[in-house]
Amino acid sequence: MDTVFQFTMPTKIVFEDGAAFHAGDQVKGESVLVISDPFLYQSGVARKIGEGLGGRRVAYFSEIEPNPSCESVDTAAQAARDAGARCVIGLGGGSSLDVAKVVACLVSNPGSIYDYYGGGTKQLERREAQLICIPTTAGTGSEVTNVGVFTNRKTGKKVPMLSPLFWPDIALVDSTLTHTLPAAVTASTGMDAFCHAIEAYWNRESQPMCDMLAMRAMKLILENIKTAYDSPQDAQARRNMSLASTLAGVAFSQTRTTGIHAVSFPLTVEFGLSHGEACSITLPAFIRISEEKKQKKMRELCGWLGFADVPALAQAVEDLMRSMNMRTRLHEAGVREEDIEQIAQVGLEAAIIQLTPAEMNRQTVTALLRSIL
Ligand SMILES: NC(=O)c1ccc[n+]([C@@H]2O[C@H](COP(=O)([O-])OP(=O)(O)OC[C@H]3O[C@@H](n4cnc5c(N)ncnc54)[C@H](O)[C@@H]3O)[C@@H](O)[C@H]2O)c1
Ligand SMILES: [Zn+2]
């Protein structure tokens, strides 16, 4: 029965160019911590957003690194406690937004993220600080999900953490913030959003509301990503990419992701690929096997996107990635034949891999990886 589903989206979405710089009306409480990365602080964006908060007391934590570690979360949480933050603003790509989600909780929950994650047994009980997420990539969709992904340095693994407290109160999506994205980051983060959309669509937990969002997101990305890559200041292309990223985020927030994301974790941790690269490098291969259990649905998608069949869609996606100088073969990322078993094994440890619309076991996953070595 395809039409039994639940849809939960407690986050208020404000989608408006320029809105990030006059966000004072959205903020509750007098004391705010803005969490971002060194680029967003040094380029002045974080301060400009702080200055638009109606004279509130604003502190800044700007040390977030890509694929943030639990240690960074704890350091940022201490900054939030020191500042007495009543509102935590995550400003940046998924890395800063994910950290802000836990930090907003740790203001009113004692201890370290390790108490709640990666073997920790405590439960986050309440979040007293307001949580606002302002994405600067398009992107992870983290502003509309209840997930954070952290690198656990104790185990050397990158693992998602879910909590109902992680739904931001407000997702403030201002595409003008993405105009400064370097071309390579535009490409990789935009294709990450495409993965979110297609993984929501072909997911074994897919549902009609998410299908609609995902289909629109995929079309927007195919129509706009190359323009955003070639012409970073093209406001319409940037706006459409931000819209697509948010739509895709809402879609996969309900379904979760599938094999692409499961396999991305070892590719990021072991081979240093960015999240977007680690996902999109296997995207064409996963598209090729998606007809195994979702033939009718995948053919409908091809019709909607204007492709004759699934192999044509896979080829077009690969060509698009190549046109943006993205790697499409694992050996280009330093993966060797003898690494394949290990990548497959770590990918298979992620439960989401079983949401893929094809049989996922050691044999099939290693075969898929070998096909793109
Ligand atoms: N929570 C979720 O639902 C979710 C979903 C997907 C991915 N993720 C996680 O998000 C992280 C990846 O996030 P990301 O891909 O957005 O990248 P990121 O946050 O790691 O940022 C990547 C780089 O882009 C730079 N950057 C960001 N915005 C910029 C801008 N406007 N102009 C110039 N440079 C800019 C940053 O400074 C950084 O160097 C990963 O850890 C991934 O696992 C989370
Ligand atoms: Zn992703």
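The values are calculated or read from the model by the stated rules, or taken from the named source; none is laboratory data. These figures come from a predicted structure and were not determined experimentally. Methodologically, a virtual Cβ is constructed for each residue, glycine included, from the backbone with ideal geometry; neighbour enumeration extends over all protein chains shown. These area figures cover heavy atoms from the full protein model, side chains too; ligands, DNA and RNA do not enter into them. Shrake-Rupley method; radii C 1.70, N 1.55, O 1.52, S 1.80 Å.
Within the chain, antiparallel bridges make up roughly 20 percent of the DSSP beta bridges whose residues both belong there.
When only alpha carbons are used to place a centre, region 242-275 and region 1-69 end up 21 Å from one another.
A Förster distance of 22 Å, applied to the separation of the beta-carbon atoms of Lys122 and Lys157, puts the FRET efficiency at 0.65. Choose one answer from Val149, Val88, Val103: the residue with the largest mean-square fluctuation in a GNM of the chain with alpha-carbon springs under 10 Å. With Cα springs under 10 Å in the chain, the top fluctuation among Val149, Val88, Val103 is at Val149. Looking at region 180-371, the accessible area is 38 square angstrom per residue; that uses a 1.4 Å probe and ignores ligands, DNA and RNA.
Between amide H atoms placed 1.01 Å from N, distances below 5 Å from Val173 occur with Val14, Phe15, Glu16, all of them 5 or more places distant or on a separate chain. Full extension of the chain segment joining Phe5 with Arg299 gains 103.6 nm, where the gain is 0.36 nm per residue of separation less the Cα-Cα distance.
Multiplying the residue separation of Met212 and Glu30 by 0.36 nm and removing their Cα-Cα distance gives an extension gain of 61.6 nm.
At a probe radius of 1.4 angstrom, the accessible area of region 1-160 per residue rounds to 43 square angstrom.
Quick one: helix 94-106 against the long Cα principal axis of the chain, what's the angle to the nearest 10°, folded into 0 to 90? Roughly 50 degrees, rounded to the nearest 10. When each of the peptides 17-27, 77-87 is scored by how many other beta carbons lie within 10 Å of its residues on average, the order from highest to lowest is 77-87, 17-27.
Largest GNM mean-square fluctuation among Ile89, Ile13, Ile35, using the chain with Cα springs under 10 Å: Ile13. Taking region 134-154 and a reference point 7 angstrom along Cα→Cβ of Lys48, the backbone N atoms nearer than 16 Å belong to 134-137. Extension gain for Ala59-Phe15 works out to 13.4 nm (0.36 nm per residue, less the C-alpha to C-alpha distance).
What the pair-distance distribution of region 94-233 shows, using all Cα-Cα distances binned every 10 Å from zero, is 11, 35, 34, 18, 3 percent.
Where does helix 259-271 land angle-wise versus the long Cα axis of the chain, in degrees 0 to 90, nearest 10? Long axis of 259-271 versus the principal axis of the chain: about 70 degrees. Across all Cα atoms of the chain, the radius of gyration (one decimal) and Dmax (whole number) stand at 19.7, 59 Å. Among the listed pairs Lys101/Lys158; Lys122/Lys157; Lys157/Lys293, those with a Cα-Cα distance over 25 Å are Lys157/Lys293. Debye sum, Cα scatterers, region 3-140, no solvent: what log₁₀ I/I(0) at q = 0.08, 0.12 1/Å? Log-scaled intensity ratios, in q order: -0.21, -0.46.
Counting only protein heavy atoms and a 1.4 Å probe, tell me what percentage of the chain's accessible area is made up of carbon and sulfur. Please report the intermediate quantities before stating the final value.
On the way: 7580 of 14720 Å².
After summing per-atom areas, the C and S share lands at 52 percent.
Across all Cα atoms of region 180-371, the radius of gyration (one decimal) and Dmax (whole number) stand at 15.4, 45 Å.
Classify region 293-339 as rounded, prolate or oblate, taking a ≥ b ≥ c as the square roots of the eigenvalues of its Cα gyration tensor: rounded when a/c is under 1.5, otherwise prolate if a/b is larger than b/c and oblate if not. It comes out oblate by the Cα gyration axes. Over all Cα atoms in region 232-282, the spread is summed up by Rg and Dmax: 13.4, 37 Å.
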